[in-house]
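Before any comments, here is the structure.
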């Protein structure tokens, strides 16, 4: 398939992730909480945006899988002739190759964040950091949708 | 702050999310699993990539918060004069306004996915869908990094 042009919105790389893995054949398929220490280096001007992140034991790390193909609708990850839909996999190959991990926060030192639990190549561009979903209580005032429960 | 240009990588919108919320003042601050039914409409040519997604009770939904400012390093979500670093919040305002939710999958009907647990505006552009992290076992063969545990 010819992938449609990726021009609907633009990203800015806000940092770089340093991991022990320099080849795609070595990286873990999924991060593990007892995995090796990895370093997230945040670029200026975003360093002050880290204020308060150290209060969370786990953080969501969002990154750009910069070496991935973007044109596969079906994939055969086990290379056994069977195919699966791209959205039923967590493969790096996808129309928008965005990786998300929940990492264990080890420490924040100026512009560097130390974590465990990543699964990406050394040099992977960083897109975003957030407190892990379950650990976070929004400080913003309540909104009507907060109280809305399901219809059918 | 003048935000740096967002030209490091490009995104393609692969669908559109339909929710009950048409104003930012109404949307929930965080989705709830018993929240209203929402519809994710996937565009051609990505519909075949949904194959197999219906085997997962929860899916990760990644979307583009298209109305958000991207230039704030510090924010005051409670509007009380105190500020917090952008990366210590799950606010939609961030350098790359990417939202992630774990949604409960209700059903897949051709190009439409029915879910609960979203927190975004009606019309939000869709970037990606993945099986929820904990429910997914990679079908790809093991790699050395899978077995690598932490040094200090």
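Throughout, read-outs are computed from the coordinates displayed, never taken from laboratory work. Predicted, not measured: the structure shown is a model, and the values here were computed from it. Cβ placement follows ideal geometry from the backbone for every residue including glycine, while neighbour counts extend to all protein chains displayed.
Would you work out the relative contact order for segment A:64-142, in percent, from Cα pairs under 8 angstrom that are 6 or more residues apart?
The value is 27 percent.
Under the definition of partner shielding as Cβ atoms of other protein chains within 10 Å of a residue Cβ, what is the mean value for peptide A:7-17?
The shielding value for this peptide is 6.
Would you mind computing, in nm to one decimal, how far apart the modelled labels at residue B:135 and residue B:122 are, each placed 7 Å from Cα along Cα→Cβ?
Distance between the two pseudo-spin positions: 2.7 nm.
Can you give me the Rg/Rh ratio for the protein assembly as shown, using Cα atoms for both radii and the Kirkwood formula for Rh?
0.94
Largest first and to the nearest Å, give the Cα extent of segment A:109-148 along each principal axis.
The Cα atoms of segment A:109-148 stretch 43, 22, 17 Å along their principal axes.
Go ahead and set up a Gaussian network model of chain A, Cα springs under 10 Å, then flag whichever of A:60, A:109, A:41 fluctuates most.
A:109
Report, as an integer, the average count of C-beta atoms from other chains found within 10 Å of each Cβ along A:95-102.
6
How many Cβ atoms of partner chains, on average, are near each residue of A:123-134 if near means within 10 Å of its Cβ?
So the per-residue partner count for this stretch is 4.
Answer rounded, prolate or oblate for chain A, using the Cα gyration tensor with square roots of eigenvalues a ≥ b ≥ c: rounded when a/c is under 1.5, else prolate when a/b is larger than b/c, else oblate.
The shape class here is oblate.
Can you figure out the FRET efficiency of residue B:44 with residue A:22, using R₀ = 25 Å and their beta-carbon distance, to the nearest 0.05?
For R0 = 25 Å, the calculated efficiency reads 0.10.
When a/c reaches 1.5 or more, the comparison of a/b and b/c decides; with that in mind, is segment A:1-54 rounded, prolate or oblate per its Cα gyration tensor?
Oblate, since a/c reaches 1.5 and b/c is not below a/b.
Could you tell me the distance between the Cα centroids of segment B:125-144 and segment B:1-80, to the nearest Å?
Taking the Cα centre of each part, segment B:125-144 and segment B:1-80 sit 19 Å apart.
What shape does segment B:72-152 have by the C-alpha gyration tensor, where a ≥ b ≥ c are the square roots of the eigenvalues, rounded means a/c under 1.5, and otherwise prolate means a/b greater than b/c and oblate the rest?
Because a/c hits 1.5 or more and a/b fails to exceed b/c, segment B:72-152 counts as oblate.
When only Cα pairs under 8 Å and 6 or more residues apart are kept, what is the percent relative contact order across chain A?
With pairs under 8 Å counted, the relative contact order is 36 percent.
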